[in-house]
Amino acid sequence: MRRGPASSRTVAIGKVHMNLTAKIAAAASVALLIAGCGSPSDSLPSIAPMPEYSEMDQQMLSLIEWQEDDGGVPVLLFEPPLDVLEPATRVIWEGDGAEIDEGDPIMFQFVVFDGQDGSVVDSTYEQEEPESLVVTADTTEATLMEALVGLKEGARLIYATPGTYSAEAESGESASPTPTGGRFLAITVELVAELPTEASGEPVPPVEGLPTVSDGENGPTIDIPDTEAPTELISQDLILGTGAGVEEDQTAVVRYTGWLWDGTPFASNWAETTAAALPVSAMLGGWRDGIVGHAVGSRVLTIVPPALGYGGAGNEAVPPGATLVFVTDILGAY
């Protein structure tokens, strides 16, 4: 799916999707989920002195009433200013469709409200295009991920991120902090999809002289010929999928293994519970160029010369000047 403009969403959402949040660090490392599934009009419990952050934030969220206008667009009603101390969620309705598991792609709509004055900051309804997200730790802030997993298609929830303080210098005086309001997202999950666990499609006859790939117990295995490494980028389908071609502005969901030209493996995610959801534009240059345009569902062999890999610097796992070989199963692109 092609994305609409993301500049305002980067500010509004925090770390929701990697394509929207490449410049923003994770808002929290520990999940603080305390989700209430009652009516939005439930009464506010008494506030105890000095509550824990998660308890206080849930009390803040309980002040919000969820309504929908005549077009079904969510409206969050609250008395501003309102803020939370850490990311927090409140489930309004759990949904009644397919259940969300870790690693599932979802399509969702959202409206973002400014806690400082209650105004609408951003909305996918105005963009007329839902947002997409693969629910993994790579792509989803921890509190939001914990809330989403186990919900179902049709679910509605509020996701809150704290405000920030910025210092603006005044002429002849010290800079003073200026608060910005927290953000409150009204999220509606519209679609839950399931991804395959590996490539599927028509096998493609191997090209003579290239490494040969076989299915192993823990992912693909490779036999690299005892020849000089190619000096140009090579990208060869091993299994031809039937999906749309991967685009550079998308997030690709992949299983992959990388080897040095001498056959030494240096990276793989086949042992992980879920596939990796990676912004294509942020991938290593030659690896990125080797999968862009290839169909979802494919298994792709990519040979990356040093200039398109880690070059003369290398890294902890890759020596300087190394030629790299990737086998990538493209499971989805959003």
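Do we find that Ser235 is in a strand (DSSP E or B) and among the small types (Gly, Ala, Ser) in this structure? Spell out how you get there, then give the answer.
Working: in a strand (DSSP E or B): yes; among the small types (Gly, Ala, Ser): yes.
Yes.
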Of Leu151, Leu157, Leu191, Leu185, the only residue that is modelled with pLDDT under 95 and either within 30 Å of Gly241 (Cα to Cα) or aliphatic (A, V, I, L, M) (or both) is Leu191
In the range 83-124, what residues are farther than 25 Å from Ala276 by Cα and among the aromatic types (Phe, Trp, Tyr)? Trp93, Phe113
Number of the condition not met by Glu272 [criteria: (1) within 29 Å of Met107 (Cβ to Cβ); (2) touching a residue at least 40 places away in the same chain (Cβ under 8 Å)]: (2)
Of everything in the range 104-136, what is closer than 26 Å to Met60 by Cα and among the small types (Gly, Ala, Ser)? Give them in sequence order. Gly115, Gly118, Ser119, Ser123
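Filter the range 208-233 for residues that are surrounded by 13 or more Cβ atoms within 10 Å (Cβ to Cβ) and of a type outside the set (Gly, Ala, Ser) and give the result. Working first, answer last.
Pass one, the range 208-233, residues surrounded by 13 or more Cβ atoms within 10 Å (Cβ to Cβ): 210-213, 219-222, 224, 229-230, 233.
Correct list: Leu210, Pro211, Thr212, Val213, Pro220, Thr221, Ile222, Ile224, Pro230, Leu233.
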Some residue of the range 271-283 being in contact with a Lys or Arg (Cβ under 6 Å, 6 or more places away or on another chain), part of a loop (DSSP other than H, G, I, E, B) and not polar (S, T, N, Q): yes
When the range 101-126 is examined, which residues are found to be in contact with a Gly (Cβ under 7 Å, 6 or more places away or on another chain) and part of a strand (DSSP E or B)? Pro105, Asp114
Taking the range 275-291, which residues are within 18 Å of Trp259 (Cα to Cα) and free of Cβ contacts under 8 Å to residues at least 60 places away in the same chain? Met283, Leu284, Gly285, Gly286, Trp287, Arg288, Asp289, Gly290, Ile291
Could you please tell me which pairs satisfy a Cβ distance under 8 Å, a separation of 6+ or placement on different chains, a first residue in the range 102-128 that is free of Cβ contacts under 8 Å to residues at least 12 places away in the same chain and hydrophobic (A, V, I, L, M, F, W, C), and a second residue that is buried (at least 21 other Cβ atoms within 10 Å of the Cβ) and in a strand (DSSP E or B)? Val120/Val111; Val120/Val112; Val120/Phe113
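For every residue, the table says whether it meets (1) over 20 Å from the mean Cα position of the chain (by Cα); (2) in a loop (DSSP other than H, G, I, E, B); (3) surrounded by fewer than 23 Cβ atoms within 10 Å (Cβ to Cβ).
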{"site": "Gly293", "(1), (2), (3)": "yes, yes, yes"}
{"site": "Ile303", "(1), (2), (3)": "yes, no, no"}
{"site": "Ala307", "(1), (2), (3)": "yes, no, yes"}
{"site": "Tyr310", "(1), (2), (3)": "yes, yes, yes"}
{"site": "Asn315", "(1), (2), (3)": "yes, yes, yes"}
{"site": "Pro320", "(1), (2), (3)": "yes, yes, yes"}
{"site": "Thr328", "(1), (2), (3)": "no, no, no"}
When the range 62-98 is examined, which residues are found to be within 24 Å of the chain's Cα centre (by Cα) and farther than 30 Å from Glu194 by Cβ? Val84, Leu85, Glu86
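The values are calculated or read from the model by the stated rules, or taken from the named source; none is laboratory data. None of these values were measured; they are calculated from a predicted model. Backbone-built Cβ (ideal geometry, glycine too); neighbour counts: all protein chains shown.
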